[in-house]
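Below is one structure; the comments refer to it alone.
The values are calculated or read from the model by the stated rules, or taken from the named source; none is laboratory data. Only a predicted model underlies this, so the values are computations on that prediction, with no experimental measurement involved. Glycine gets a Cβ as well: all are built from the backbone with ideal geometry, and neighbour counts include every protein chain shown. For the accessible areas, the whole protein counts, side chains as well, though only heavy atoms, and no ligand, DNA or RNA atoms are used. Shrake-Rupley method; radii C 1.70, N 1.55, O 1.52, S 1.80 Å.
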Amino acid sequence: MSWRTVVISSQAKLDFKMGYMVVRSDETKRVFLDEIAVLIIENPAVAITGCLIEALIEKKIKVIFCNSKRNPEAELVPHHPCHDSSSKIKRQIAWEEGSKAKVWQEIVKDKIRKQTEFLLIREKAKEAELLVSYITEVEPMDPTNREGLAAKVYFRALFGAGFIRGADDPLNSALNYGYSLILSAFNREIASNGYLTQLGICHDSMFNHFNLGSDLMEPFRIIVDRAVCALNTDVFDISTKHSLCTLLEQPIFVDSSKQTVLNAIKIYTKSVFDAIESNDISSIKFYSYTA
């Protein structure tokens with residue numbers, strides 16, 4: 001089972017030989033492909049062979065390419081990741097609106113629930129109590145935008161009243177970097193299951209190629225928030241990025257078993273698809289920090 005997140009930071013040539021990724025730089029190293037879950041190419045000066053790209057696709061390894069600022073810029077998405085993708089896409093287009101609405105309701109409720117749990121850990125009892133009231137008010141498809149209201153309370157409680165989500169500062173950069181890693185992992189699972197990342201449940205921006213991933217990842221954002229709060233976010237440097245790269249390997253619980261975040265994403269994603277197609281929200285397998 002793949003589990004490693006591999007980051008290529010220096011100029012290098014990546015090749016494939018006998019089941020291994022060969023990294024040729026100042027010294028030559030080999031990494032067994034079956035161990036790799038995510039490959040992050042952080043340096044734009046890295047060269048990669050077609051043979052390795054083919055092997056990465058075959059092994060369904062998520063490959064993330066970074067720009068000159070070492071921030072995620074693109075990812076490798078196979079054209080045919082699932083043998084019955086045509087059938088899955090037809091079903092996805094025909095997903096029943098009522099079923100999607102109830103699934104989105106549960107996703108939002110779980111996201112706010114996890115935000116509440118983290119605020120209690122951070123000793124923000126007043127704000128946590130307010131979020132608890134929002135959970136009970138979430139309706140199918142969240143027409144009253146309890147998710148947005150909860151986010152405003154949550155981020156101000158965590159980072160101060162002056163915090164502005166989306167501002168150009170080290171704190172937001174760290175959050176965005178972590179979220180991008182989580183989103184890429186979801187896109188990998190969506191494609192592996194044969195569905196389109198563009199067709200979301202709630203997100204439907206014509207400019208967003210990853211609407212469905214943006215939907216499914218919402219409860220997993222709190223994993224990033226927890227990690228960022230534990231880091232020194234006065235600066236956003238390589239050390240911060242590499243710390244965040246370990247997020248996908250962290251242990252959590254899903255379906256009564258201990259899993260890495262990456263495996264939990266796989267289990268949860270499949271369960272959401274099952275819930276939509278069976279119109280049974282009890283099928284969704286949300287993660288937790290305790291068994």
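Is it the case that the range 254-261 has a residue that's out of contact with any Lys or Arg (no Cβ under 8 Å at 6 or more places or on another chain), acidic (Asp, Glu) and over 20 Å from Ile64 (Cα atoms)? Quick ask: steps written out before the conclusion?
Residues of the range 254-261 that are out of contact with any Lys or Arg (no Cβ under 8 Å at 6 or more places or on another chain), as a first pass: 256-261.
If we keep only those that are acidic (Asp, Glu) too, we end up with none.
No; the residues of the range 254-261 include none that is out of contact with any Lys or Arg (no Cβ under 8 Å at 6 or more places or on another chain), acidic (Asp, Glu) and over 20 Å from Ile64 (Cα atoms).
Got at least one residue in the range 193-216 being over 28 Å from Ile41 (Cα atoms) and touching a residue at least 60 places away in the same chain (Cβ under 8 Å)?
yes
Considering only residues of the range 78-110 that are touching a helix residue (DSSP H, G or I) at 6+ places or on another chain (Cβ under 6 Å) and at pLDDT below 95, which is surrounded by the fewest Cβ atoms within 10 Å (Cβ to Cβ)?
Pro78
Between residues in the range 40-59 that are open to solvent by less than 20 Å² (accessible area, probe 1.4 Å) and residues that are among the basic types (Lys, Arg), which pairs lie under 7 Å by C-beta distance while being six or more apart or on different chains?
Listed pairs, sorted by first residue: Glu42/Arg70.
Please determine whether any residue of the range 99-113 is within 21 Å of Ile284 (Cα to Cα), touching a residue at least 24 places away in the same chain (Cβ under 8 Å), of a type in the set (Asp, Glu) and not in a helix (DSSP H, G or I).
No, because not a single residue in the range 99-113 is within 21 Å of Ile284 (Cα to Cα), touching a residue at least 24 places away in the same chain (Cβ under 8 Å), of a type in the set (Asp, Glu) and not in a helix (DSSP H, G or I).
Could you look through the range 228-243, keep only residues that are in contact (Cβ under 8 Å) with a residue 40 or more places away in the chain and part of a loop (DSSP other than H, G, I, E, B), and pick out the one that is least open to solvent (accessible area, probe 1.4 Å)? Steps first, please.
As a first pass, look at the range 228-243 and keep what is in contact (Cβ under 8 Å) with a residue 40 or more places away in the chain: 228-229, 231, 233-236, 238, 240-242.
Adding the requirement that they be part of a loop (DSSP other than H, G, I, E, B) leaves 231, 233-236.
Details: Leu231: 53, Thr233: 33, Asp234: 123, Val235: 74, Phe236: 54 Å².
Across the range 228-243, the extreme among qualifying residues is Thr233.
Scan the range 244-278 residue by residue and report those that are surrounded by fewer than 16 Cβ atoms within 10 Å (Cβ to Cβ), part of a helix (DSSP H, G or I), touching a strand residue (DSSP E or B) at 6+ places or on another chain (Cβ under 9 Å) and of a type in the set (S, T, N, Q).
Thr246, the sole residue that qualifies.
Going through the range 181-190 one residue at a time, which ones are closer than 30 Å to Asp234 by Cβ and open to solvent by less than 30 Å² (accessible area, probe 1.4 Å)? Spell out how you get there, then give the answer.
Let us first name the residues in the range 181-190 that are closer than 30 Å to Asp234 by Cβ, namely 181-186.
Selection gives Leu181, Ile182, Ser184, Ala185, Phe186.
Considering each residue of the range 1-35, count those that are under 26 Å from Leu244 (Cβ atoms), in a strand (DSSP E or B) and polar (S, T, N, Q), and give that number.
1
Hey, Asn193 hits all of (1) open to solvent by 50 Å² or more (accessible area, probe 1.4 Å); (2) of a type outside the set (D, E, K, R); (3) closer than 17 Å to Ile267 by Cα but one; which does it fall short on?
Every listed condition holds for Asn193 apart from (1).
Yes or no: Gln198 out of contact with any strand residue (DSSP E or B) (no Cβ under 9 Å at 6 or more places or on another chain), open to solvent by 60 Å² or more (accessible area, probe 1.4 Å), of a type in the set (S, T, N, Q) and at negative phi? Don't jump to the end; show me each part of the working.
Values: out of contact with any strand residue (DSSP E or B) (no Cβ under 9 Å at 6 or more places or on another chain): yes; open to solvent by 60 Å² or more (accessible area, probe 1.4 Å): yes; of a type in the set (S, T, N, Q): yes; at negative phi: yes.
So Gln198 fits the description; yes.
Among the residues of the range 14-28, which ones are charged (D, E, K, R) and under 15 Å from Leu56 (Cβ atoms)?
From the range 14-28, those charged (D, E, K, R) are 15, 17, 24, 26-27; that's our starting set.
Result: Asp15, Lys17.
To keep it simple, each residue is scored yes or no on (1) under 19 Å from Val224 (Cα atoms); (2) of a type outside the set (Val, Ile, Thr); (3) over 22 Å from the mean Cα position of the chain (by Cα).
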{"position": "Ser87", "(1), (2), (3)": "no, yes, yes"}
{"position": "Gln105", "(1), (2), (3)": "no, yes, no"}
{"position": "Asp110", "(1), (2), (3)": "yes, yes, no"}
{"position": "Leu120", "(1), (2), (3)": "yes, yes, yes"}
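Report yes if Gly178 is small (Gly, Ala, Ser) and either closer than 23 Å to Gln105 by Cα or over 16 Å from the mean Cα position of the chain (by Cα) (or both), otherwise no. Reasoning before the result, please.
Values: small (Gly, Ala, Ser): yes; either closer than 23 Å to Gln105 by Cα or over 16 Å from the mean Cα position of the chain (by Cα) (or both): no.
So Gly178 fails the test.
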